[in-house]
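The values are calculated or read from the model by the stated rules, or taken from the named source; none is laboratory data. Computed from a predicted model, the values in this text were never measured in an experiment. Cβ placement follows ideal geometry from the backbone for every residue including glycine, while neighbour counts extend to all protein chains displayed. When the accessible area is computed, the model is the full protein with side chains, heavy atoms only, and any ligands, DNA or RNA have been set aside. Shrake-Rupley method; radii C 1.70, N 1.55, O 1.52, S 1.80 Å.
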Amino acid sequence: MSAARALDERDAHLLPSPSLFAQVVGQRDAVSQLSAGARRPVHAYLLVGPPGLSQNELVRGFAASLLCPTGGCGSCEVCRRALAGTHPDLVEVTRTGASITVDDARSLVRLAQRRPLEGHRQVIVVPDLHLARLAAPVLLKTLEEPASSTIFVLLAESVPADLATIASRSIRIELRPVPAAELAAWLEALGVERDRAVQVAEAAGGSVDRARLLAEDEGFAARRELWRSVPTRLDGTGSSAATLASELLASCEDACEPLRSHHRAEIEALTTQAEAMGARSVPGRKQVEDRQHREERRWRMDELRAGLRVLAGAYRDRLAQAASSPDASSSHGQERVGALLGAISSVEQVVGELVRNPNETLMLEALMVRLSAVTL
Ligand SMILES: [Zn+2]
């Protein structure tokens, strides 16, 4: 405690090196809050936002600035290991089931009371805090009586009411979807061609992880084209509506393939690692697979949402044409504008319904039937 305090006071004027956060895309506010926080850290930080927003990179940069003997130089061995996620005083807890259980929380409490293994502090990262509702009272206790050398970094997609007290005991940092223009610029800097960078950034919905995967996804352009072709391919018959709905769903399914191959590689790497350690099976394999399954489900929904936005865009392009055409004020012209507005609002309504986990097949079929009524 006294060593930590002495260090805090000696280096209170220093900010961690910006290089610690070089891998973070966007999130300037979060980076400056964490950098400032590293000078005189409190016992808990809560990062709130959907996954895919450089959480890992933020946590590791922050941990380096907390563990480094000089407050985050960015070049010493402690910084390097923290950034690589291999420093023993940077501990990411994994839950044993679909939610954080009371038992998980109890082992977390024991961990929090442990002395750091190497340095003057330890950083404990708790992912998926929004899944900790049952464990909240146990967690709260350790947050209220923390060991002075332990700093928590809690990650949550949202803060449900039963976690409000935990949130109030932490410094809350909001993570925001990365604006499309910023994602596109980042992709271009990685060597992605300009037009594709812009289209990928639009389809990424603010997520860095999604942008990264879409950028190297060979099927991306073809899927986008399929969604854009919907208005011309609907011929007013029920069969064209049904065919399109099933093609669109199949394309959302195909879209998961790069993520799946990424997941297979992850399991292979874990298996190799386990074998090298002499283990017969991968420890925690079930949890990894459950997480991958959730990621795939989310990915399919993101794909569907992105596709629907492309479709709305295709109708918007037609609306712009119709509104500026010479017969825009004729009754036929006005009818066409009204029909296109109706089509756009039908698509947007479906985008809004996605949060309620609808039956995707029925939802898309119904939408295609409704859009069939718009004659172009
Ligand atoms: Zn350092």
In the range 214-236, anything within 16 Å of R370 (Cα to Cα) and open to solvent by 60 Å² or more (accessible area, probe 1.4 Å) is listed as T232, R233, D235
Note: among R212, R233, just one is among the charged types (D, E, K, R) and under 23 Å from the mean Cα position of the chain (by Cα), namely R212
Open item on the list: One residue is enough: does the range 160-175 have a residue meeting the conditions under 26 Å from C252 (Cβ atoms) and either surrounded by fewer than 17 Cβ atoms within 10 Å (Cβ to Cβ) or not hydrophobic (A, V, I, L, M, F, W, C) (or both)?
Closed with: no
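Would you be able to tell me the number of residues in the range 51-110 that are open to solvent by 40 Å² or more (accessible area, probe 1.4 Å), of a type in the set (S, T, Y) and closer than 21 Å to A30 by Cα? Walk me through it before giving the result.
Initial filter on the range 51-110 (open to solvent by 40 Å² or more (accessible area, probe 1.4 Å)): 51, 56-57, 60, 69-70, 73, 75, 77, 80-81, 83-84, 86, 88, 92, 94, 96, 98-99, 101-103, 106-107, 110.
After this cut, where a residue has to be of a type in the set (S, T, Y) as well, the list is 70, 75, 86, 94, 96, 99, 101, 107.
Going one step further and asking which of them are closer than 21 Å to A30 by Cα, we end up with none.
Residues flagged as open to solvent by 40 Å² or more (accessible area, probe 1.4 Å), of a type in the set (S, T, Y) and closer than 21 Å to A30 by Cα within the range 51-110 amount to 0.
A181 - would you say it is open to solvent by 60 Å² or more (accessible area, probe 1.4 Å) and of a type in the set (G, A, S)? Full working, then the answer.
On the way: open to solvent by 60 Å² or more (accessible area, probe 1.4 Å): yes; of a type in the set (G, A, S): yes.
Yes; evaluated as a whole, the condition is true for this residue.
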Filter the range 26-40 for residues that are buried (at least 19 other Cβ atoms within 10 Å of the Cβ) and in a loop (DSSP other than H, G, I, E, B); the one that is modelled with the lowest pLDDT is A38
Scanning the range 200-210 for residues that are in a helix (DSSP H, G or I) and in contact (Cβ under 8 Å) with a residue 40 or more places away in the chain, the one most open to solvent (accessible area, probe 1.4 Å) turns out to be E202
Of those in the range 361-376 that are open to solvent by less than 30 Å² (accessible area, probe 1.4 Å) and either at pLDDT 90 or above or charged (D, E, K, R) (or both), the residue farthest from the chain's Cα centre (by Cα) is S372
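Among the residues of the range 298-310, is any surrounded by fewer than 14 Cβ atoms within 10 Å (Cβ to Cβ) and charged (D, E, K, R)?
We begin by selecting, within the range 298-310, every residue surrounded by fewer than 14 Cβ atoms within 10 Å (Cβ to Cβ); these are none.
Looking through the range 298-310, none of the residues is surrounded by fewer than 14 Cβ atoms within 10 Å (Cβ to Cβ) and charged (D, E, K, R).
Among the residues of the range 188-198, are any touching a residue at least 24 places away in the same chain (Cβ under 8 Å), within 22 Å of the chain's Cα centre (by Cα), surrounded by fewer than 18 Cβ atoms within 10 Å (Cβ to Cβ) and part of a helix (DSSP H, G or I)? Break it down stepwise before answering.
Taking the range 188-198 first, the residues touching a residue at least 24 places away in the same chain (Cβ under 8 Å) are 190, 196.
Remaining after also requiring within 22 Å of the chain's Cα centre (by Cα): 190, 196.
So of that shortlist, the ones also surrounded by fewer than 18 Cβ atoms within 10 Å (Cβ to Cβ) come out as 190, 196.
Pick out the ones that are also part of a helix (DSSP H, G or I) and you get 196.
Scanning the range 188-198 turns up at least one residue that is touching a residue at least 24 places away in the same chain (Cβ under 8 Å), within 22 Å of the chain's Cα centre (by Cα), surrounded by fewer than 18 Cβ atoms within 10 Å (Cβ to Cβ) and part of a helix (DSSP H, G or I).
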Counting only residues in the range 115-126 that are in contact with a Ser or Thr (Cβ under 8 Å, 6 or more places away or on another chain) and open to solvent by 30 Å² or more (accessible area, probe 1.4 Å), the one farthest from the ligand (Cβ to nearest atom) is identified as R115
Those residues of the range 230-274 which are over 16 Å from H293 (Cβ atoms) and not in a helix (DSSP H, G or I) amount to L234, D235, G236, T237
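Take L340 and tell me if it is without any contact (Cβ under 8 Å) to a residue 60 or more places away in the chain, part of a helix (DSSP H, G or I) and in contact with a Lys or Arg (Cβ under 6 Å, 6 or more places away or on another chain). If you could, list the steps in order and put the result at the bottom.
Numbers: without any contact (Cβ under 8 Å) to a residue 60 or more places away in the chain: yes; part of a helix (DSSP H, G or I): yes; in contact with a Lys or Arg (Cβ under 6 Å, 6 or more places away or on another chain): yes.
Against the criterion (without any contact (Cβ under 8 Å) to a residue 60 or more places away in the chain, part of a helix (DSSP H, G or I) and in contact with a Lys or Arg (Cβ under 6 Å, 6 or more places away or on another chain)), L340 qualifies.
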The lone condition R81 fails out of (1) away from the ligand (no atom under 16 Å from the Cβ); (2) over 24 Å from S32 (Cβ atoms) is (1)
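Among the residues of the range 264-297, write down those that are among the small types (G, A, S) and open to solvent by less than 70 Å² (accessible area, probe 1.4 Å). Walk me through how you get there before you give the answer.
First pass over the range 264-297, keeping only residues among the small types (G, A, S): 265, 269, 274, 276, 278-279, 281, 284.
Residues satisfying the conditions are A265, A269, A274, G278, A279, G284.
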